[in-house]
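Values in this text are rule-based calculations from the coordinates and carry no lab data. No experiment lies behind these values; they were computed from the predicted model shown. Quick reminder, even Gly has a Cβ in these numbers, built from the backbone with ideal geometry, and neighbours come from all protein chains shown.
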Amino acid sequence: MEKLTDEELLKELKKRFEMNKRMTYIQKELMSDLRRANEKLLASEKVQSQFLSNIRNEINNPLTSIMGLSKELESEKSISDQCSRKIGLIYSEASKLEFQMQNIIVAAELEAGESPLYVVKVDVDSLLKSVIKSFEYFSSKKNIKVVYKTTFPKSGKKFNTDSDKLKVILSNLVMNALEFSEEKSEIIINAELADANTLIISVEDYGEGIAKADINKIFERFIQLDSGSTKKHLGHGIGLSVVKSLIESLEATIDVKSKLKKGSTFTVSIPQGYIKDQMSSFSNDGDDFLFFDDEDVEVI
Amino acid sequence: MMKIDKSIPTHFLYPSNLFADKERHMVTTILGSCVAICLYNEKLKYGGINHYMLPLWNNNGLATPRFGNIANQKLLEKMIRLGSHKNHIVAKVFGGANQLNSSINIGGRNIDIALSFLEENKIKLAGKSVGGSVGRKIVFDTNSGSVLMKYVQKTINSK
């Protein structure tokens, strides 16, 4: 090792001391930057969560008015054909927007852990019919025939599940089928009870289909297989990830069969849910509990 | 034996959901291999609880509190948003039983995620009742941080 004179040593020490001081200063600066950023982040989180709870009505109300009024105007006799077409366009764009908004809100609720189950007796047949009806406009515009087959008894079989969640799942599957189908093709929706406790609904299209390698990707968040400049389809890749999470919360399963250029079939299989009263009072040994409070106390 | 005071607002916590509120609530949830962390702020006297089913989110589907790594982070964030400082939070952990027919030990992995999360965030563990082979029903008093618990054999829909 090189020997230093006292003077050199002093100089070196001084240099290192200066450097240290500078580093401490930089560190302090960075710390305060970090603290500021953190405060900002917390504030934005707070704003975000309030924003999401407010946004639903703020957006849905005007949208409902736009859709309702344009629908009414479209069928008005006193307006010209051209005008009616334009009004029809307003309606279809507004309802697409409503559909996307619904997905965003459902996704936000699911991600915030504020999406409890409301299991009720659902008339699946009517629910499916209303979903199909809500897409009538798109199907007729693309000239797609929507075939609905069911083996439900005519009396309207009731099935215990969360009706809102089921509706969102089915809307997304039907919307996707319509979006990826060629004009003048067909979509087949089939609903049946596999057994008393399992509801199976499938949505089949003869559209573009999905390559085998991509099937696992479709449920990922913000993934759209044709993204970038070649993107020709609606949406932002949130629909199927919402479907997947909703399927999970219903304890259901989803199966995808697809062939490129031939079409896809999405099949959901939903188990009968428990109505809340059954769920919370499942143990009939009363409300007697043992007090659990102290560290490592196992109360049996 | 403790009886539950029925005059206090109640909340039934479903799997994949979380709950935190400054108002007093009795939060009930049923756990099999799922895990729930109860966080409680000793100074401000309020708490929050999650209920997750699987340890880790794998980027499939949404980043929901169905997964431990998401649920724990979100619960802590929610507590902080309601005004908590990390240092004033204590935790209790429940669940993670291993059902007999499960070979992949989801319960155990759920417990590991909970305990390592608390350790990483330097949150004091005030109590735990985890593992075993029986489910649990717990009632969390968000005002006192106390938890009533009983083991349950017959479980409907509890994961």
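Mean shadow of the range B:97-140, computed from the convex hull of its alpha carbons, in nm²?
Details: hull surface 14.4 nm².
Hull-based average projected area comes out at 3.6 nm².
Among B:Lys78/B:Lys124; B:Lys122/B:Lys150; B:Lys43/B:Lys92; A:Lys133/A:Lys212; B:Lys43/B:Lys74, which pairs are too far apart, with a Cα-Cα distance over 26 Å? Kindly include the intermediate steps, with their values, before the conclusion.
Working: B:Lys78/B:Lys124 18 Å; B:Lys122/B:Lys150 28 Å; B:Lys43/B:Lys92 16 Å; A:Lys133/A:Lys212 32 Å; B:Lys43/B:Lys74 21 Å.
Table pairs above 26 Å Cα-Cα are B:Lys122/B:Lys150; A:Lys133/A:Lys212.
Order these by the 10 Å Cβ neighbour count, fewest first: A:Lys3, A:Lys71.
Values: A:Lys3 6, A:Lys71 16.
Fewest-to-most ranking of A:Lys3, A:Lys71: A:Lys3, A:Lys71.
Cα atoms only: what Rg and Dmax, in Å, come out for chain B?
14.5, 44
Taking only the alpha-carbon atoms of the range A:49-181, what semi-axes of the equivalent ellipsoid follow from 5 times the gyration tensor eigenvalues under a square root, in whole Å, largest first? Please list the in-between numbers first.
On the way: eigenvalues 152, 105, 35 Å².
Over the Cα atoms of the range A:49-181, the semi-axes work out to 28, 23, 13 Å.
Once all Cα-Cα distances of the range B:37-123 are split into 10 Å bins that start at 0, what whole-number percent is in each one?
Computed distribution, short to long bins: 17, 47, 28, 7, 0.
What does the range A:9-115 give for Rg and for Dmax, in Å, if only its C-alpha atoms count?
28.5, 98
Within a 10 angstrom radius of each residue's Cβ in B:23-31, how many Cβ atoms of other chains show up on average? Whole number is fine.
Numbers: counts 0, 0, 0, 0, 0, 2, 1, 4, 0.
Going residue by residue through B:23-31 and averaging, the value is 1.
Among B:Tyr46, B:Tyr151, which comes first, then next, by fewest other beta-carbon atoms within 10 Å? Mind showing how you got there, number by number?
Numbers: B:Tyr46 22, B:Tyr151 17.
Ranking B:Tyr46, B:Tyr151 by Cβ neighbours within 10 Å, fewest first, gives B:Tyr151, B:Tyr46.
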